[in-house]
Every structure is written in C-alpha cells, then in structure tokens.
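**Student:** Below are the structure tokens for one structure; questions will follow.
The values are calculated or read from the model by the stated rules, or taken from the named source; none is laboratory data. The shown structure was predicted, so the numbers you read here are calculated from the model rather than taken from an experiment. A quick note on method: Cβ atoms are made from the backbone with ideal geometry, for glycine too, and the neighbour counts reach across all protein chains shown. Ligands, DNA and RNA are excluded from the accessible area calculation, which covers all protein heavy atoms including side chains. Shrake-Rupley method; radii C 1.70, N 1.55, O 1.52, S 1.80 Å.
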Amino acid sequence: MHVLVTADTMSGSWTYTRELVTGLVTRGVRVTLVSFGEIPLPEQTAWMDLLHGLEYRPTAFRLEWMDEAPEDLHESSEFLVSLVREVRPDLLHLHQFCHGNIPVDIPRVVMAHGDLVSWSEAVQGCAPRATRTMKWYRDTVVRGIAAADAVVAPSAWMLDTIRGTYANPRRDAVIYPGRNPIFFNPYVSKDDSVLSVGRLLDAGKQVHLLTQHAQPFSVCIVGAEQTVPIPRIPIRADVKVSTDQSFVAVRGPQTDAQLRALYSRAAVYAATARYEPLGIAPLEAAFSRCAIVANDIPGFREVWGDAALYFRTNDAGSLTETLRELDADRSLRQSYADRAYTRARERFTTKRMIDDYLELYRSLISANSLAA
C-alpha cells in the first residue's frame, strides 16, 4: 500500500503526523509525506532518517487558516494533483480540509484536527466575524468535506462539531490519537509538581489559570507545543516566580528528551485547555503516569472519562481546589496516575491508531477498485 500524507508543520499536529507516518512505515506501508507551512529545519525532520519507505516533500504553501491562504490554494492543489500523477499512491490522507476536493481518482481521507470556527466559538465565545476571508474559509472547508471519501476526527465531539458547523461527510470515523508508550517512563519517582504545556498568551491553552492562585505544588509551564532541536549552545529561557506560597517556572521550548524528563518527574499534568482536539500533551503525560487534572470540556470528558479529575470549566479557583485535593491525599493522586496510565495503554497507543487507519484505508481502496 502507498499513502500520500499531507501535514501542517506549524502546530502540535506535527507530532501526530510523525506518529502516524512512523507507524505506517513500520507496518510496511510506503508513505509520501508533503508538508505545508514553514520548511522545517533538518534537525526537526531527523526522525525520518531511518524510515525506509518514506519520501518527504516539504513545501512553503500557506495553510488554509492563514489570511493569505486563498492566494496559495490553486497552486498547492495543482502541486498535489501533479504529485499524485507522479508517485501514484493508492490513497490520500489529508490534514487540510481545502484539498479534500482536488480532482484525483483515488480515495481521499480528510483528518479534522481542528478548525477556525470551532476554535473561535470555544476560545472567544462567539463565531468569527463575517469577512470575505472567513466566507472563503467556510466555503472551502464545506467543499473539502463534501468531496472527501471519508472524514476522520480525533473524537466524537470533534466529529459532531464538524457536522454541525459545516457539512455531513459521505463517510466518517472517529480514530483517537495514539502515542508509542516506549518513549515514556512511568516508573520514575515523582516530584510534588504540576506540569502543563502551552504558551502563556495562548487563550486556547489558557495555562495562565495556573498563575491566578497560589498552588500547593510547584508549577512548571512549558511555553510551546512543539519540541525543538537540541541547540548547539545551551540556552536558558526559564522565568521563575517564587513567593512564600507558590513557585512557578515558565520554560521555553524543550527538546523531546527534556520534555519526556519533565513528564516523568511531574506528579500531575494540568490539561487547562478550553480547545484541544488532538490532546497530545495530556496523552504523553498519561503514558508517564501523571495524574490528569482536566478542564471540564466535552473533549476531555470523552477521552479521559473517570481516569481524570476535572475542575469547573475555565475556573482557576476550581483548578487550585482540585490540585489541593491531590496534594492532601497521595493515595488519591497515585490512583488517578494509575488510571490515566492504564487508560492510555488500553485505548490510545500508536498500534491501535494504525490498526484503525489501515482498516479504513483498505475498505476505501477496495470500494474504489470495485467502482472502477
């Protein structure tokens, strides 16, 4: 099987793409990967080096959520059509809605890992302002969904959101994100600390909730979604705020190894986001046996169920109360850490994700062959 995958290098979905592509190639699938957005540095694509069966084509075409995206859509679509003719894949796996309707005669899967309208409604409390660009965006997403052979969402909540906001796909599926547990260490002794990932100014991640009240734990906030290459010269980008009652460290972007070490030492992961369709960071924390304290939003409830503790939606005071509860009861904290770890191992591994995708791919390829 040969799958052409498109990717977005400018968000946390790059980690998801890495896991997807690695999982497919190790299962014997040939992959051609095309990225949009910024051209990544060589260090950021080093994970590809040992993947035999992967061909990578980086591009700088703008992504559909950017203001200038309409200027690039025609050219990026033509590029993909030409590439399909050149490499002749069996299926397209697209991480952009806008390419769901390109004129090719192979199955097209669109992965809905977020969109501008649902982001605005969740983060800003209202639909985005009606502008020419937003009309173009809505129309483009609707066309991509309508033409796709299947639309995949990372949760039932996201899929329902896509249906209600844009259009009903011809076929749809929920495939939860997965990570490989081998990369994480759930057996390290924990510090009395809470970790969260997200920029302080990112209203969607709203990690600033951890800075509103004195916390019972020391707090570490990693201020970026994407990991960074190992710098040639060590860079200190930490900001530490300490009072008699609390300690908060805000770190800059971390390497994969640094972030894994932070997960392994943290007792608690604070999933503060009000909008996080993929939820990669809480998943990595769960594989590191952190107790999960999550914002009470539908996406987190669906994914974590009774394996997480929840604070009142977007309420900094409730977050602090929940953390105090875990601080006062170590057995409760350990129980929720074990619950999160077990749920991640049972439901959210890369193997399970790839199994689900291969089943979908095969059914679409088979249906396309019969139709031909």
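**Student:** Between GLY114, GLY12, which is at positive phi and open to solvent by less than 60 Å² (accessible area, probe 1.4 Å)?
**Tutor:** GLY114
**Student:** Residue under question is ALA367, and the condition is that it be touching a residue at least 24 places away in the same chain (Cβ under 8 Å), part of a helix (DSSP H, G or I), among the small types (Gly, Ala, Ser) and open to solvent by 40 Å² or more (accessible area, probe 1.4 Å); does it hold?
**Tutor:** Taking the combined requirement at face value, the residue satisfies it.
**Student:** Now for a separate question. With the structure loaded, tell me whether THR320 is modelled with pLDDT of 95 or more and not in a helix (DSSP H, G or I) or whether it fails that test.
**Tutor:** Spelling it out, it is not the case that THR320 is modelled with pLDDT of 95 or more and not in a helix (DSSP H, G or I).
**Student:** Looking for something within 25 Å of LEU278 (Cα to Cα), part of a loop (DSSP other than H, G, I, E, B) and either open to solvent by 20 Å² or more (accessible area, probe 1.4 Å) or touching a Leu at 6+ places or on another chain (Cβ under 9 Å) (or both) - is there at least one such residue anywhere in the stretch 77-91?
**Tutor:** Among the residues of the stretch 77-91, not one is within 25 Å of LEU278 (Cα to Cα), part of a loop (DSSP other than H, G, I, E, B) and either open to solvent by 20 Å² or more (accessible area, probe 1.4 Å) or touching a Leu at 6+ places or on another chain (Cβ under 9 Å) (or both), which makes the answer no.
**Student:** Which residues, taken from the stretch 19-74, are aromatic (Phe, Trp, Tyr) and more than 20 Å from the chain's Cα centre (by Cα)?
**Tutor:** TYR56, PHE61
**Student:** Restricting the search to the stretch 327-347, which residues are out of contact with any strand residue (DSSP E or B) (no Cβ under 7 Å at 6 or more places or on another chain) and open to solvent by less than 50 Å² (accessible area, probe 1.4 Å)?
**Tutor:** Within the stretch 327-347, LEU332, SER335, TYR341, ARG343, ALA344 meet the criteria.
**Student:** Restricting to the stretch 117-133, and then to whatever is assigned to a helix (DSSP H, G or I) and at pLDDT below 90, can you tell me which residue is surrounded by the most Cβ atoms within 10 Å (Cβ to Cβ)?
**Tutor:** The extreme case among them is THR133.
**Student:** Here is a check on your reading of the model: is PRO277 open to solvent by 10 Å² or more (accessible area, probe 1.4 Å), modelled with pLDDT of 95 or more and not hydrophobic (A, V, I, L, M, F, W, C)?
**Tutor:** no
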